[in-house]
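Readers should treat all values here as calculations from the given coordinates under stated rules, not as data from a laboratory. Everything numeric in this text was worked out from a predicted model, so none of it was measured. FYI the Cβ positions are ideal-geometry reconstructions off the backbone, even for glycines, and counts take in every protein chain you see.
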Amino acid sequence: MEGLKTQVAIIGAGPAGLLLSQLLHLVGISSIVLERQTRPHVEGRVRAGVLEQGTVEVLTRAGVGARLENEGQRHSGFSISANSKTCRIALEDLTGRHVTVYGQTEVTKDLMAARAAADGELHFEVSNVELHDVESDAPSVTFSKGGVSHRITCSFIAGCDGFHGPSRQVIPRERKLEHERVYPFGWLGILADVPPCDEELVYARSAYGFALASMRSATQSRYYIQCRAGENVADWSEDRLWDEIRRRLGPDMASHVVTGPAVEKGIAPIRSFVCEAMQHGRLFLAGDAAHIVPPTGAKGLNLAVGDVQYLATAFDAYFNASNEAGLKRYADVALQRIWKTQRFSWMMTNLLHDFDDSDSFTQRMQLAELDDIFSSTAKQTAIAENYAGLPYDNILG
Ligand code: APR
Ligand code: PHB
């Protein structure tokens, strides 16, 4: 067994794990990142693409702001459409803040490049990752790579290994509370090298189900439609998918939809999930390992970045100023923001999707809520504040 030593062992090289290792490096804290996939696989995953201003600030502080600054698109609003009416949520006018459209795929590549430039220690294609003695002062992580077994001894373990990773499973059942809602639909997404149908994002409720018109750049579009849970992507030819996108966006928007071959096409399940116990002994969870939001609020990556900025600040105080306050407060402070963001993502999901089993009363409530939003600046402001991103608390108290 080969022995390795570091201050923080990080499991998972998604945005959460990569950003954490980069922020720790900048304050002189060592880390080793373990990832079960290859680097091209991690860099090739297509995910969401809307960054809160706070997220952009953290990424810039992490030293990965340059390409984001050049290539990210600043959006000062987005639209909700329903019943042939469209309501623009004027983020900038209502909150003074904007969002940046820049794919998570690009964020991941930038973080990966920054870690490589700093000679960060990352191990790809590892297997059998196991966490040990997290309740003691001397935790460790074992893993195999290329047939060789390794053990990392460390001061802390950061579980950044997504929803299916092993970290959360180490927390005993009686020490955690898991809250979950699985929705009866998925999102079928298509990425295509065609210009977007609008300058800003459009979230559409239609009688045929939800649709979202999004983008990555002036020449690349990203569309989603609500589909039945468990549906097979092979059943959706590109022609059928484009027809459905146009039908759900309505005739006005549909006339601006440019179609083209898919660069990527896939179905994602939709779920709300929170693990209440983001810490157990010397194990700290961050990102999708601890929570999942439905994508309707564009919050998945932003929440992960929020967790990581809290955790990096707490580790900095612990290692560089012997201050344990941040680590003690981490779970409570992070969860406060996570629950509010869960509520927003759940509200947007309920507002815009077609629920097969909803009765006529529930449908009327949905329409009345939309009507209310379309005519109330107060309601639009509340949506804008959440969409632009809730403020961060001071983790150190
Ligand atoms: N060993 C090592 N690595 C693992 C293991 C394991 N047993 N299990 C999972 N991983 C890796 C995954 O391969 C993945 O690269 O952990 C990483 C987790 O990354 P993400 O799933 O991207 O999660 P996170 O970094 O928290 O990012 C949150 O990304 O998934 C989206 O919607 C999500 O936008 C959100 C953001
Ligand atoms: C995306 O562009 O992939 C995207 C945008 C907004 C969302 C979800 C996904 O709410």
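Of the conditions (1) crowded, with 16+ Cβ neighbours inside 10 Å; (2) more than 19 Å from the chain's Cα centre (by Cα); (3) part of a helix (DSSP H, G or I), residue 40 clears all except one; give me its number.
Checking residue 40 against (1) crowded, with 16+ Cβ neighbours inside 10 Å; (2) more than 19 Å from the chain's Cα centre (by Cα); (3) part of a helix (DSSP H, G or I), the one that fails is (1).
I want to confirm something. Restricting to the stretch 244-276 and keeping residues that are of a type outside the set (Val, Ile, Thr), part of a loop (DSSP other than H, G, I, E, B) and surrounded by fewer than 19 Cβ atoms within 10 Å (Cβ to Cβ), which single residue is farthest from ligand 2 (Cβ to nearest atom)?
255
Consider only pairs whose beta carbons are under 6 Å apart and that are at least six residues apart or on different chains; among these, list those whose first residue lies in the stretch 62-81 and is touching a residue at least 60 places away in the same chain (Cβ under 8 Å) and whose second residue is small (Gly, Ala, Ser).
Pairs found: 77/90; 81/204.
Please verify whether residue 194 is more than 19 Å from the chain's Cα centre (by Cα), over 30 Å from residue 384 (Cα atoms), β-branched (Val, Ile, Thr) and part of a loop (DSSP other than H, G, I, E, B), treating the condition exactly as stated.
no
Considering the stretch 119-138 alone, what residues qualify as being outside any strand (DSSP E or B), more than 11 Å from ligand 1 (Cβ to nearest atom) and within 28 Å of the chain's Cα centre (by Cα)?
Correct list: 119, 120, 134.
Counting only residues that are assigned to a helix (DSSP H, G or I) and of a type in the set (S, T, N, Q), which one in the stretch 89-112 is nearest to the chain's Cα centre (by Cα)?
Of everything passing the filter in the stretch 89-112, 104 is nearest to the chain's Cα centre (by Cα).
Determine, yes or no, whether residue 351 is within 16 Å of ligand 2 (Cβ to nearest atom), in contact (Cβ under 8 Å) with a residue 24 or more places away in the chain and within 22 Å of residue 249 (Cα to Cα).
In short, yes.
Being within 16 Å of ligand 1 (Cβ to nearest atom) and free of Cβ contacts under 8 Å to residues at least 60 places away in the same chain, is that true of even one residue in the stretch 46-56?
yes
On the given criteria, is residue 221 crowded, with 19+ Cβ neighbours inside 10 Å, of a type in the set (Ser, Thr, Tyr) and within 16 Å of ligand 2 (Cβ to nearest atom)?
On the way: crowded, with 19+ Cβ neighbours inside 10 Å: yes; of a type in the set (Ser, Thr, Tyr): yes; within 16 Å of ligand 2 (Cβ to nearest atom): yes.
So residue 221 fits the description; yes.
Which one is farthest from ligand 1 (Cβ to nearest atom) among residues in the stretch 282-337 that are in contact (Cβ under 8 Å) with a residue 40 or more places away in the chain, over 16 Å from residue 167 (Cα atoms) and not in a helix (DSSP H, G or I)?
Selected residue: 323.
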